[in-house]
């Protein structure tokens, strides 16, 4: 994922959520609607989310140190995890509590025109933010499904913003449903029902994001198809017989660590082995620019030793 694209999606979501949060609080002050209050807290939480994501991107750019020799790329995973566990969970818990309170003690929605106006404007603004997130995601998603993109993306910002904006849009429609039902029926319980639904939605999104960002924070390797292509690149070098075993791990969204033990031919000189390792590293980096840390260990694979000399290059047959 390009840094520019991710930052653009985050800033668009932040600008939309700050404006939406202010308008929702105004609507809540006039209507007393718990759905509006839940959505106000939701927008504040979303704004905090985007602030944390921007902070994580900034801190991850620090140079590596002796204490952190692989740099600070995983800070982006940490702040994305905080977004999922703390802010979304707090928003969900507050919405569930407020919804339960309104169902137990229903109140009439006052000045519903304020609620309807703000919700419609918020839906329009949130749609623009969601559209930006979709557009930026499509530049890196390729032919993956949306679910596969969220599950397998190594940069956390776009999946987080996508799910945030989706949850925000669905939450706005739930709030609109709750306020509309409460006004039409004259029963404030519906306002509480809409609030509880928003809480359940936020809890579901928090769970998905927590699972995915936790996996990234612990350490994820390259995708299976990526690993196959890395092995192909290694074994395409003349001095490499085959790959004995390999481990990969993303130490940051744009920084892949590759460690492999490669079988070399028993009659190669040290200079030939060194030349082969340099060529293998060059071929990997040409295909995978994110492979910034490559460690290759040459060895003779005794388990499947072929006892054959390195194949001689083919010479053309005279015509």
Take the residues in the range 252-277 that are surrounded by fewer than 18 Cβ atoms within 10 Å (Cβ to Cβ) and closer than 22 Å to residue 70 by Cβ, then tell me which one is modelled with the lowest pLDDT. 254
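Rundown of residues vs (1) crowded, with 19+ Cβ neighbours inside 10 Å; (2) out of contact with any strand residue (DSSP E or B) (no Cβ under 8 Å at 6 or more places or on another chain); (3) in a helix (DSSP H, G or I); (4) not assigned by TED's automatic domain parsing to the domain that holds residue 249, yes/no style:
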residue	(1), (2), (3), (4)
24	yes, yes, yes, yes
49	yes, yes, yes, yes
58	no, yes, yes, yes
67	no, yes, no, yes
Inside the range 278-294, can you point out the residues that are surrounded by 13 or more Cβ atoms within 10 Å (Cβ to Cβ) and not in a helix (DSSP H, G or I)? 288, 290, 291, 292, 293, 294
In this structure, is residue 130 farther than 18 Å from residue 34 by Cα and either assigned by TED's automatic domain parsing to the domain that holds residue 28 or surrounded by 14 or more Cβ atoms within 10 Å (Cβ to Cβ) (or both)? yes
Could you say which residue among 191, 187 is modelled with pLDDT under 90 and in a loop (DSSP other than H, G, I, E, B)? 187
Residues of the range 88-128 classified as within 17 Å of residue 171 (Cα to Cα) and not in a helix (DSSP H, G or I), total: 0
Taking the range 245-254 and keeping only residues that are assigned to a strand (DSSP E or B) and more than 15 Å from residue 281 (Cβ to Cβ), one is left with 245, 247, 249, 250, 251, 252
Would you mind finding the one in 210, 168, 204 that is free of Cβ contacts under 8 Å to residues at least 40 places away in the same chain, closer than 24 Å to residue 44 by Cβ, under 19 Å from the mean Cα position of the chain (by Cα) and assigned to a helix (DSSP H, G or I)? 204
Conditions (1) at pLDDT below 80; (2) over 19 Å from the mean Cα position of the chain (by Cα); (3) closer than 17 Å to residue 165 by Cβ; number of the one not met by residue 34: (3)
Enumeration of residues in the range 74-109 that are touching a residue at least 40 places away in the same chain (Cβ under 8 Å), surrounded by fewer than 19 Cβ atoms within 10 Å (Cβ to Cβ) and over 24 Å from residue 189 (Cα atoms): 78, 85
Have a look at 45, 113 and point out the one that is within 29 Å of residue 195 (Cα to Cα) and surrounded by fewer than 16 Cβ atoms within 10 Å (Cβ to Cβ). 113
I'm trying to understand the selection: among the residues of the range 137-165, which are surrounded by 21 or more Cβ atoms within 10 Å (Cβ to Cβ) and more than 13 Å from the chain's Cα centre (by Cα)? 165
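The values are calculated or read from the model by the stated rules, or taken from the named source; none is laboratory data. Since we're looking at a predicted model, the values are computed, not measured. We place every Cβ from the backbone using ideal geometry, glycine too, and count neighbours over all the protein chains shown.
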